[in-house]
Amino acid sequence: MSDLKAVLNAALDCVVMMDHEGRIVGINPAAERTFAISEDDARGREMAEVIIPPTLRGAHRAGLKRLLDGGEPHVLDRRIEVTAQRADGALVQVELTITRLDIEGPPLFVGYLRDIGERIEADEALRRSRLQLLRATDDARRRLERDLHDGAQQRLVGLALTLRMARAQLDQDPAAAVALLDEAQEDLASATEELRELARGLHPAVLTDGGLGAALRGLIARLPLDVSVSGVPPDRLPIDVESTAYFVVAEGLTNVVRYADARRAAVELTLRDGRLAIEVRDGGRGGADPDAGTGLRGLAARVAVHEGTLSVTSPPGEGTTVRVEVPCAL
């Protein structure tokens, strides 16, 4: 018996033993911790009053009576998820399995309970993250469609029209046709450049070929900002980490240009203890609302996929700091 007691005391899951009258005959230390009650206080009390919420007590008592009267068991030897109650009244989600001991005399039941609150919270966080990622993907798709429609597509439509006009003038007025062809060449160059800009927004080729440092230099060269960059790791990082860092900096600096009313910004990267921290700071107007635009929400979803964190500090009049940390296994 002492060996059995030692096993129960060492068990990580809660163990609650109940007699045929529905009264507790013993609980292990894990159950004491989970339900905030000592074994001495629990023993002899009706289990319904100790760990079952008031809304479920009637069903518990009816089920026990039906079982003792020879009815079909509904929960015996099954793994189910239910709501239990601590001694202080707090509710806790648990996974429950109930077995009936094969002994002589009145029935004795053993319940094995596992607190699954953290798992449920993690599942919910994962669901929210996937939903945010889906929304961010939809936002990015609509933005790309809008940019194509308003930019390169319009230029290509104009280019087709110019070429038709040049063809019509080719025999009657060759000089006018040449002028139209020159115009078409300029439109083609502009459309090509706009498509390159869109491609950079999807995934810049220089990031794949040259790494994070080269990609950031190319990004900053196209911005009307004085940007200082420090801490770029000298060695290549995993491509997903480099991509996340690039888009964090790109979104942060784009927001500085659009909203911060600032001429300078700073980008700082720190690689330490298997994590990469990226900070984008400016001394502009501050007061940024992370929930107001799709850009930062999209970044938050991207960072969440990599089990990272994103924070925005933006007191009015004191500038904005966007900080991201992501795991970085080298």
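The values are calculated or read from the model by the stated rules, or taken from the named source; none is laboratory data. These figures come from a predicted structure and were not determined experimentally. No Cβ is skipped: glycine too gets one built from the backbone with ideal geometry, and neighbour counts run over all protein chains shown. The accessibility values were calculated without ligands, DNA or RNA, using every heavy atom of the protein model including side chains. Shrake-Rupley method; radii C 1.70, N 1.55, O 1.52, S 1.80 Å.
Annotations for the structure displayed:
- Selection status of ALA214, open to solvent by less than 70 Å² (accessible area, probe 1.4 Å), touching an Asp or Glu at 6+ places or on another chain (Cβ under 8 Å) and either among the aliphatic types (A, V, I, L, M) or farther than 22 Å from THR313 by Cβ (or both): no
- Flag for LEU216 being at pLDDT 90 or above and either under 29 Å from SER129 (Cα atoms) or not hydrophobic (A, V, I, L, M, F, W, C) (or both): yes
- Filter result for PRO106 (touching a residue at least 40 places away in the same chain (Cβ under 8 Å) and open to solvent by 40 Å² or more (accessible area, probe 1.4 Å)): yes
- Pairs with Cβ under 9 Å, 6+ apart, first in region 304-323 and more than 18 Å from VAL249 (Cβ to Cβ), second surrounded by fewer than 14 Cβ atoms within 10 Å (Cβ to Cβ) and at pLDDT 90 or above: GLU307/PRO327
- When GLY70 is tested against the conditions (1) modelled with pLDDT under 90; (2) open to solvent by less than 80 Å² (accessible area, probe 1.4 Å); (3) assigned to a helix (DSSP H, G or I), the lone failure is (3).
- Number of the exception - CYS14 against (1) surrounded by fewer than 18 Cβ atoms within 10 Å (Cβ to Cβ); (2) in contact with a Ser or Thr (Cβ under 8 Å, 6 or more places away or on another chain); (3) under 20 Å from LEU108 (Cβ atoms): (1)
- Residue that is nearest to the chain's Cα centre (by Cα), among those in region 85-115 that are closer than 22 Å to THR55 by Cβ and not in a strand (DSSP E or B): ALA90
- Filter result for VAL82 (part of a strand (DSSP E or B), within 16 Å of GLY117 (Cα to Cα), aliphatic (A, V, I, L, M) and out of contact with any Ser or Thr (no Cβ under 9 Å at 6 or more places or on another chain)): yes
- Within region 274-330, tally of residues that are open to solvent by 80 Å² or more (accessible area, probe 1.4 Å), in contact with a strand residue (DSSP E or B) (Cβ under 9 Å, 6 or more places away or on another chain) and acidic (Asp, Glu): 2
- Sole residue being touching a residue at least 24 places away in the same chain (Cβ under 8 Å) and of a type in the set (A, V, I, L, M, F, W, C), chosen from ALA31, ALA10: ALA31
- Just one of the listed residues (GLY286, GLY231, GLY295, GLY274) is closer than 19 Å to VAL324 by Cα and modelled with pLDDT under 85, and it is GLY295.
- For region 278-308, a residue qualifies if it is outside any helix (DSSP H, G or I) and closer than 21 Å to ASP139 by Cβ, and the qualifying residues are VAL280, ALA288, ASP289, PRO290, ASP291, ALA292, GLY293, HIS306, GLY308.
- Lone qualifier among GLY63, GLY26, GLY58 - being open to solvent by less than 40 Å² (accessible area, probe 1.4 Å) and assigned to a helix (DSSP H, G or I): GLY63
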